[in-house]
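The values are calculated or read from the model by the stated rules, or taken from the named source; none is laboratory data. Since we're looking at a predicted model, the values are computed, not measured. As a convention, Cβ positions derive from the backbone with ideal geometry for all residues, glycine included, and neighbour counts pool all protein chains shown. Surface areas here come from the heavy atoms of the whole protein model, side chains and all, with no ligands, DNA or RNA. Shrake-Rupley method; radii C 1.70, N 1.55, O 1.52, S 1.80 Å.
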Amino acid sequence: MKKAQKIIIICILLLAIAFASAFIARKVVFFTPNTTHATLVIPKHATFDQVLDSLAKNNIVNNIKTFKIASKILKYDRYVMRGRYEIKADETNYQLIRKLRKGQRYPVTFTFNNVRTLPDFLQRTEEKFLFSTQELQKLLENENFLTSIGFTRETLPALFIPDTYQIYYDIDADEFVEKFLSIYHNFWNDKRLEQANAISLTPIEVAILASIVEEENHKEFEKPIIAGVYINRLRKGMRLQADPTVKFAVGDVTMQRILFKHLETDSPYNTYMYAGLPPGPIRLPAPSTIDSVLQYTKHNYLYMCAKEDFSGAHNFAVTLAEHERNATKYRNALNKLKIKR
């Protein structure tokens, strides 16, 4: 065999070996099963090295070296996407990297209703999202941040409108608040703003009044009637004298009986002591209660008192004398049952 032919044959063999090696390497690096079943959470601003660290520490990939090589070839190391990723067993590096490159925004159903305080609301977010409840609390206690979004610590409960929402799991605390700012502005559409303006109240003032109505109310049909009582009192310059605001000021919403000593609690939330609306909502009012204020029932009632049958309904009155008779009936009922607080 001539020397030239030997060289050609050797070259062909070397090329074949090179192609075979490349094929095997490609298969090992890209197409060999390399994962265990797991959930991988990648936070915002995570680096590629942090992703590698999570994969290794949690034994999510069997061969971290091949994953690293594949990531660099596919340039995933330059484009880390945050998210919550459900990883199946025996996914290849190629499949895993494709998933990670796309980003996996995981929607969470977030429902909050019948929420009294912001701490209650914060508790609803516990372990629901990638951000911690502590992060959100810290943000909502930042006066400069609240000013930037048009709220104060007192008025902040008006921002969060109870309902059911679809929110991405990997949202951060800032984006969470931005989401509810968007919801708030969508809720306060032109129609509601016009209704609020018609009763000379701002959206936040409507929410404050709605929070009192909701605490007073146990019968849905009474909401607009109760709202009408308070609007009549505001227009006449009368103190609201709303028992729920006293309970809030005292710090005990379970009280069944308001005593004279409670009325002397010096707090801007005590509407027996201070005229006008309190500085903020005493709970997170439902959309239906907000609408009951905006669409309040027009009447001449200035007073209301819980009915003596403890049905949750109220006796309404136009005059103080009529109201005193209703209040006496209610007090007698409390005394009969020996309810002292």
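Quick notes on this structure:
- Members of the range 34-54 that are of a type in the set (A, V, I, L, M, F, W, C) and either part of a loop (DSSP other than H, G, I, E, B) or within 17 Å of residue 103 (Cβ to Cβ) (or both): 40, 41, 42, 46, 48, 51
- Test: residue in the range 60-81 that is exposed (fewer than 14 other Cβ atoms within 10 Å of the Cβ), in contact with a Lys or Arg (Cβ under 8 Å, 6 or more places away or on another chain), in contact (Cβ under 8 Å) with a residue 12 or more places away in the chain and aromatic (Phe, Trp, Tyr): yes
- Residue within the range 81-100 that is within 30 Å of residue 215 (Cα to Cα) and among the acidic types (Asp, Glu) present: no
- Restricted to helices (runs of 4 or more DSSP H) entirely inside the range 172-245, those with at least 1 residues that are surrounded by fewer than 19 Cβ atoms within 10 Å (Cβ to Cβ) and over 27 Å from the mean Cα position of the chain (by Cα) are 190-198, 223-236.
- Condition check for residue 131: at pLDDT below 95, of a type in the set (Phe, Trp, Tyr) and surrounded by 13 or more Cβ atoms within 10 Å (Cβ to Cβ): yes
- Taking the range 252-270 as the range and being without any contact (Cβ under 8 Å) to a residue 12 or more places away in the chain and under 13 Å from residue 216 (Cα atoms) as the test, only 254 passes.
- Selected residue (criterion: nearest to residue 125 (Cα to Cα)) from residues of the range 100-112 that are open to solvent by 40 Å² or more (accessible area, probe 1.4 Å) and not hydroxyl-bearing (Ser, Thr, Tyr): 107
- Segments classed as helices (runs of 4 or more DSSP H), wholly inside the range 55-137, with at least 3 members that are touching a strand residue (DSSP E or B) at 6+ places or on another chain (Cβ under 7 Å) and over 13 Å from residue 171 (Cα atoms): 93-102
- Of all residues in the range 277-306 being of a type in the set (Ser, Thr, Tyr) and assigned to a helix (DSSP H, G or I), the one that is farthest from residue 327 (Cα to Cα): 288
- Taken together, the residues in the range 246-266 that are among the aliphatic types (A, V, I, L, M), in a loop (DSSP other than H, G, I, E, B) and more than 27 Å from the chain's Cα centre (by Cα) amount to 3.
- Exactly one residue out of 284, 294 is at pLDDT 95 or above, surrounded by 15 or more Cβ atoms within 10 Å (Cβ to Cβ) and closer than 24 Å to residue 251 by Cβ: that is 284.
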